[in-house]
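Taking it in order: structure first as structure tokens, then the write-up.
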Amino acid sequence: MTADRAAQPVLRVESGEKETVLHLAGRLDDATVAACWDEALGAVSAARDVRVDCAGVDYCGGAGFALLVALEEAAGRHGARVRVEGLAARFRELYDGLEREKLRAAPEPERGHGGWVADVGYITSERAGDWRAEAEFVGEVGAGLVSLARHPRTLRLREWWRIVEKAGSNALPIVGLVSFLTGVIIAFQAAMPMRQFGVDIFVVNLVALAITRELGPIMTAIVLAGRTGSAFAAEIGTMKVNEEVAALTTMGLSPVRFLAVPRVLAGIAVTPLLTVYSMAAGIAGGLVVLMLIDFPLATLMNQLSGALELQDIAAGLIKSFFFGAVVAGVGCLRGLRTGAGPAAVGDSTTRSVVTSIFLIVVLDAIFAVVYYNIDF
Amino acid sequence: MDADHIVEVRGLTAGYAGQAVLHDINFRVRRGEIFMILGGSGSGKSTLLKNMIGLYPAMSGEVFIGGDDIVGARGAAREKILRKFGVMYQGGALFGSMSLEGNVALPLEEWTRLPAAARALLARLKLQQVGLDGFAGYLPSEISGGMQKRAAVARAMALDPALLFLDEPSSGLDPVTSAELDELIRSLSRNLGITFVIASHELSSIFAIADRVIMLDGGGIVAEGDPRELRDRPTNDYVRAFFHHGKERAAA
Ligand SMILES: Nc1ncnc2c1ncn2[C@@H]1O[C@H](COP(=O)(O)OP(=O)(O)OP(=O)(O)O)[C@@H](O)[C@H]1O
Ligand SMILES: [Mg+2]
């Protein structure tokens, strides 16, 4: 273990006429063995019988046994034999007990790779199964929400409130900051060119509409995907790995009803509230920029009340319900579909964020088309 | 502490979040013996063990391992003490992303200069000692709970420590595997002189391997000595209940 012990001559090689003799002495522990490993194996590379004299060995640890086995293997590769002599009885017993055959590097277990044809088939059937499972999940969450609406008493309020707190009020600072800065940036970028045409007061209209209809809901949803959806996926994923989800199932409780429904409900409840807050923060950010370029607050408020209609806020809020459901639902689904082992939890978390953001953008595009067509 | 003893616990008070679970614990472990910490579920066996290995800071008291106090040790001094022993946790605590061979080879990689081939061979050798031939390439999630325990014992032994702490090695194992594990512990103790400190409540293991035991109850040590002696001449009611109810149920 220490340097001075490693410096002791543990190995002495004697190449005789008929055989090679390795004299081992002292402590065979990881440090001394590491120091003489290459030399010892080098000495048995010739096709000659080897005698290992262990009479001087007063301690043989695992590394010592590994060395003896490695010597046997190396010699065996060219048909030579190794005799180990003089090993103290207490080590001899362990040494003789080793089953040499089984110490060879074992192949990894089959993990289901049968060439690309099989892979394609496997992935296709997996995907098909995925879609079915996802549709089932959506159905079960929907059914759970309906039954919850009929029997509100069945909601475990304390647990639900904990989720709402974490997903909702704890997100206020970050949602506020991100939205405020978004408002600042838009106002600032727009004010400069619009001032050249003397229409910079209309920056208020621009900010108000962009924030309420698009950016407020989207920013909120993305922040939620990053901090709440991923937390759901990690929490439920860890439960899955620890077999807590299995325990729920065997107790006859549906993991979807028990874990996902309250979280989706929490997502639907807090997202619109956070979105309203985000809209206010974003517009405030825009107004602050305009005040800094010398518009009086009264003028700005006047402009704002003309620019913003209730309909714009409603358009944003309707979206936010769906965004909340998607973010929470995806987080729970990814959590419930976590594989085995801690790495799987990480995978689920990542996938929950990526899938959520993708779906938010897709949903937003759909809303844009629908709103345009119904002239909302 | 004299040369005959490898572990000494002095006035240890330990618990969680300021709440003491164990009060003023004192005992010593002799070099080379198999020492068992007994007690019912929740009596604080794991807590005692975790404090002995320096995982939690003790509320007060000292734990000497090979002459050094682990409670106050920091940095390099602490690392030096940690190298003296191996630990098997109650749940196994194998790294899920690594094969069994990788798990056992990890401490070797970190602490020795053995070449990679030697580390791998040594890891498989340790796995063979715990009867996991042929599973070296498996991930922990691909083997059973009992096999995970044995792999964890193999990992604890990777560096040939003179002292091993095992938390419930045989719980959750079938009687045959459990007896094999006991046999392994005995053979390691006899042949390599390894000292074992084992938390357990398996009566069969206790009588099969323990040289000496302490029994925990109500936050303190209620008995100490040879397990057969304690069974045949229990010093108090708890000790009697512990040994005799178990025996009656085994006989029934
Ligand atoms: N992380 C923790 N935080 C707070 N209290 C704990 C914690 N772990 C254990 N305890 C408490 O400490 C006491 C002793 O627990 P410990 O795990 O040491 O018992 P044990 O004897 O190992 O039981 P078992 O045989 O079930 O493993 C218990 O009363 C438990 O409630
Ligand atoms: Mg325990």
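The values are calculated or read from the model by the stated rules, or taken from the named source; none is laboratory data. Since the structure is predicted, the reported quantities are computational estimates derived from the model, not experimental observations. Because the Cβ atoms are built from the backbone with ideal geometry, glycine has one as well, and the counts that use them run over all protein chains shown. Note: areas computed on protein heavy atoms with side chains; ligands, DNA, RNA excluded. Shrake-Rupley method; radii C 1.70, N 1.55, O 1.52, S 1.80 Å.
General observations
- Share antiparallel - DSSP beta bridges, chain A, percent rounded to 5: 30
- Each peptide in A:300-312, A:201-213, A:33-45, A:116-128 receives the mean, over its residues, of other Cβ atoms within 10 Å, and ordering these scores from highest gives A:201-213, A:33-45, A:300-312, A:116-128.
- Burial ranking of peptide ranges B:101-108, B:5-12 (average Cβ count within 10 Å, highest at the top): B:101-108, B:5-12
- Furthest towards positive pole of dipole, A:Phe197, A:Gly16, A:Ala70, structure part chain A, Cβ charges: A:Phe197
- Convex hull volume of the Cα atoms of the protein assembly as shown, normalised per residue: 260 Å³.
- Accessible surface comparison of B:Val87, A:Val361, probe 1.4 Å, protein chains only, largest first: the order is A:Val361, B:Val87.
- Taking all protein chains together and a 1.4 Å probe, the residues B:Met52, A:Met192, A:Met251, A:Met219 rank A:Met251, A:Met192, A:Met219, B:Met52 from largest to smallest accessible area.
- Within the protein assembly as shown, percent of DSSP bridges classed antiparallel, to nearest 5: 45
- In Å², nearest 10: area of A:Trp160 left accessible to a 1.4 Å probe: 40
- With the highest mean first, a sort of the peptides B:18-29, A:320-331, B:36-47 on other beta-carbon atoms found within 10 angstrom per residue produces A:320-331, B:36-47, B:18-29.
- Total charge dipole magnitude, the protein assembly as shown, about the Cα centre, Cβ charges on Lys, Arg, Asp, Glu only, Debye to nearest 20: 740
- The range B:24-64 - Rg (one decimal) and Dmax (whole number), Cα, Å: 10.9, 29
- Using the empirical formula 2.2 N^0.38 Å as the baseline, the Cα radius of gyration of chain A reaches a ratio of 1.66.
- Across all Cα atoms of the range A:2-103, the radius of gyration (one decimal) and Dmax (whole number) stand at 12.8, 37 Å.
- For the range A:155-373, the Kirkwood radius over C-alpha pairs fed into Stokes-Einstein at 20 °C and 1.002 mPa s yields D = 116 µm² per second.
- Candidate residues B:Met157, B:Met147, B:Met59: accessible-area rank, largest first, probe 1.4 Å: B:Met59, B:Met147, B:Met157
- In whole percents, the pair-distance distribution calculated for the range B:1-152 from its alpha-carbon pairs, binned every 5 Å from zero, is 2, 8, 15, 17, 16, 16, 14, 9, 3, 0.
- Inter-chain shielding of B:116-129 (mean C-beta neighbours from other protein chains, 10 Å cut-off): 6
- Relative contact order of chain B, pairs being alpha-carbon contacts under 8 Å that are 6 or more residues apart, as %: 24
- Solvent-accessible area of A:Met291, all protein chains in place: 80 Å² (probe radius 1.4 Å, heavy atoms, ligands and nucleic acids excluded).
- Span from the the range A:56-106 Cα centroid across to the the range B:162-195 one, whole angstrom: 23
- Here the sum of -39500 (n - 2.57) over DSSP H runs of 4 or more residues, divided by the residues of chain B, equals -12000 deg cm²/dmol at 222 nm, to the nearest 500.
- Under the Debye formula (equal points on every Cα, no solvent term), log10 I(q)/I(0) of the range A:319-376 at q = 0.13, 0.29 Å⁻¹: -0.41, -1.07
- Between the listed residues B:Leu121, B:Ser178, B:Ala158, the Cα displaced farthest toward the positive end of the dipole of chain B, a dipole computed from Cβ unit charges relative to the Cα centre, is found at B:Leu121.
- Averaged over peptide B:191-204, the number of partner chain Cβ atoms lying within 10 Å of each residue's Cβ comes to 1.
- The helix-based estimate of mean residue ellipticity at 222 nm for chain A, built from -39,500 (n - 2.57) per DSSP H run of four or more residues and divided by its residue count, is -22500 deg cm²/dmol to the nearest 500.
- Set of lysines near B:Lys84 by C-alpha distance (under 26 Å), chain-local residues within fewer than 8 positions excluded: B:Lys45, B:Lys50, B:Lys126, B:Lys149
- In straight-distance terms, cross-link reach from A:Lys18 covers every one of the aspartates and glutamates whose alpha-carbon lies under 14 Å from its own, apart from those fewer than eight places away in the same chain; here that gives A:Asp49.
- DSSP beta bridges confined to chain B are antiparallel in about 55 percent of cases.
- Charge dipole (debye, nearest 20) of chain A; +1 at Cβ of Lys and Arg, -1 at Cβ of Asp and Glu: 1000
- Reducing the range A:305-350 and the range A:230-282 to their Cα centroids gives an inter-centroid distance of 11 Å.
- Between A:Leu308, A:Thr271, A:Gly339, the Cα set farthest toward the positive side of the dipole of the range A:155-373 (charges on each charged residue's Cβ, about the Cα centre) is that of A:Gly339.
- Start at zero, step by 5 Å, and the Cα-Cα distances of the range B:93-160 spread as 4, 22, 36, 24, 12, 3, 0 percent across the bins.
- Partner chain coverage, peptide A:163-173 - average Cβ within 10 angstrom: 0
- Charging the Cβ of each Asp and Glu at -1 and of each Lys and Arg at +1, and nothing else, the dipole of the range B:93-160 about its Cα centre rounds to 100 debye.
- Once Rg and the Kirkwood radius are both taken over the C-alpha atoms of the range A:224-290, their ratio Rg/Rh works out to 1.24.
- The range A:109-170 - Rg (one decimal) and Dmax (whole number), Cα, Å: 19.7, 53
- At least 30 Å along the helix axis (C-alpha) and Kyte average at least -0.5, DSSP helices within chain A: A:115-150, A:172-196, A:261-292, A:310-336, A:342-373
- Qualifying aspartates and glutamates (Cα of each under 15 Å from Cα of A:Lys240; at least 8 residues distant if same chain): A:Asp347
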